[in-house]
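Working notes for the structure below.
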Amino acid sequence: MEPFEETQRLEVYRRRLGMKHALTNVNGKIWAFIDEEMELEISRDEEQMLTIKLTNQNGNIEVMVSLVYAKCTQGERLLLWDSISDLANIISIPWMIGGDFNVICNEEEKLGGRPVTEAEVRDFNNCINVCNLEDCNFKGSKYTWWNGRTEEECIFKRLDKVLTNDKLQEVFPIIEVEHLIRSGSDHTPVEINLKFSKEEVIKTFRFLNFWLKEESFMETIKEHWKAEFEGDPFALFHHKLKKTKKALSQWSKDTFGNIFQEIATIEEIIKVQEAQFEANPNGSNRETLHQTQAKLKKYLQREEEFWKQKAGMEWFKEGERNTKFFHTIVRGRRSRLRINRIQDEDGDWLEQ
């Protein structure tokens with residue numbers, strides 16, 4: 001595309017989005033749109049990364065944002081890792097870096113294709129560790145890219161990430177990242193929300209009923225319900241309980257993962273497999289689709305049991321699945337648990 005045509009196209013998108021600024025990097029691969037509430041300064045303009053300093057109108061918050069579109073080969077990406085490391089040494093304000101890194105961190109971030117080798121992920125992982133960056137947690141499917149192919153050639157990967165330094169986490173205690181539904185691209189859009197305040201939440205231990213259906217559950221209990229000392233019965237019981245709760249929490253994470261994230265991931269895979277079966281309805285594609293659908297059914301049952309338990313509805317019929325209804329019930333229970341007034345010794349009511 002000619003530079004003039006690219007500029008025109010950029011301006012069209014800027015107006016459609018209602019943004020004040022529109023800019024692109026040196027090779028036109030990265031586009032950025034900034035609204036009128038922010039002032040910007042381009043810090044670095046490179047082939048694989050565009051770094052911008054953003055300042056709000058009051059001038060009391062400065063954030064460095066690096067947008068990434070990495071090269072496809074390991075050798076070409078070395079320049080990007082060097083650039084990120086250089087920035088990490090000089091940036092002293094909140095910093096967020098995100099985009100398409102074109103590489104994964106481990107085997108769990110890939111489905112299909114050849115096995116992941118240590119060599120292909122080593123450079124990226126080393127860059128993250130050396131720069132003291134943190135990979136943000138996210139909602140939605142664990143994969144952000146699909147190669148557009150089917151059957152044995154079908155590959156899913158998590159190529160898009162959001163990394164932050166500790167200063168950004170101090171200014172914005174809540175960093176929400178969500179992988180949205182893929183549409184018109186082989187990459188999933190990523191939505192990021194930064195929030196100032198964070199309610200202090202004490203994470204309590206929650207026993208989930210569907211744990212009982214796993215054979216390894218009782219093995220975990222037996223293994224950790226042991227004490228390495230003798231003493232006061234109450235202290236001994238407290239020690240056992242604390243030790244077992246910690247073990248069960250880790251066991252649940254390793255065994256089930258995040259059931260809501262797993263559901264989103266499996267649903268995305270089924271969409272591809274359904275299209276694959278429609279295009280080529282052979283026995284192999286049918287079996288693959290049925291296996292994935294069975295896996296989804298298993299996770300949906302766990303989700304149903306989770307909300308059923310949380311809502312405390314023992315009377316709910318097996319098989320009926322209405323997550324929205326469960327959410328409503330749970331919110332209703334919370335409101336009923338709130339104390340709005342209390343009666344004192346004289347019989348007078350004190351209201352909130």
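Assorted remarks:
- Take the conditions (1) out of contact with any Ser or Thr (no Cβ under 9 Å at 6 or more places or on another chain); (2) open to solvent by 40 Å² or more (accessible area, probe 1.4 Å); Val130 misses just one of them, which is (1).
- Test result for Cys154, more than 29 Å from Asn280 (Cα to Cα) and touching a residue at least 12 places away in the same chain (Cβ under 8 Å): no
- Matching residues in region 12-36 - criterion: being at pLDDT below 75 and acidic (Asp, Glu): Glu36
- For region 135-160, a tally of residues being crowded, with 18+ Cβ neighbours inside 10 Å and over 9 Å from the mean Cα position of the chain (by Cα) returns 10.
- Any chance Gly75 is open to solvent by less than 30 Å² (accessible area, probe 1.4 Å) and not acidic (Asp, Glu): no
- Search result, residues across region 89-144 that are of a type in the set (D, E, K, R), in contact (Cβ under 8 Å) with a residue 40 or more places away in the chain and closer than 23 Å to Lys271 by Cβ: Asp100, Glu109, Lys110, Lys139, Lys142
- In region 274-292, the residues that are in a loop (DSSP other than H, G, I, E, B) and without any contact (Cβ under 8 Å) to a residue 40 or more places away in the chain: Pro281, Asn282
- Within region 204-224, residues that are without any contact (Cβ under 8 Å) to a residue 60 or more places away in the chain and more than 18 Å from Tyr299 (Cβ to Cβ) have Cβ atoms under 6 Å from residues that are outside any loop (DSSP other than H, G, I, E, B) and of a type in the set (A, V, I, L, M) in these pairs: Thr220/Ala247; His224/Ala247, counting only partners at least 6 apart in sequence or on another chain.
- Filtered residue count, region 41-64, keeping only those that are free of Cβ contacts under 8 Å to residues at least 60 places away in the same chain and part of a loop (DSSP other than H, G, I, E, B): 7
- Evaluation of Leu10 against the conditions (1) closer than 21 Å to Ile175 by Cβ; (2) open to solvent by less than 50 Å² (accessible area, probe 1.4 Å); (3) free of Cβ contacts under 8 Å to residues at least 24 places away in the same chain; (4) of a type outside the set (Ser, Thr, Tyr) shows that the sole unmet condition is (1).
The values are calculated or read from the model by the stated rules, or taken from the named source; none is laboratory data. Everything numeric in this text was worked out from a predicted model, so none of it was measured. Methodologically, a virtual Cβ is constructed for each residue, glycine included, from the backbone with ideal geometry; neighbour enumeration extends over all protein chains shown. Side chains included, ligands, DNA and RNA excluded: accessible areas come from the protein's heavy atoms. Shrake-Rupley method; radii C 1.70, N 1.55, O 1.52, S 1.80 Å.
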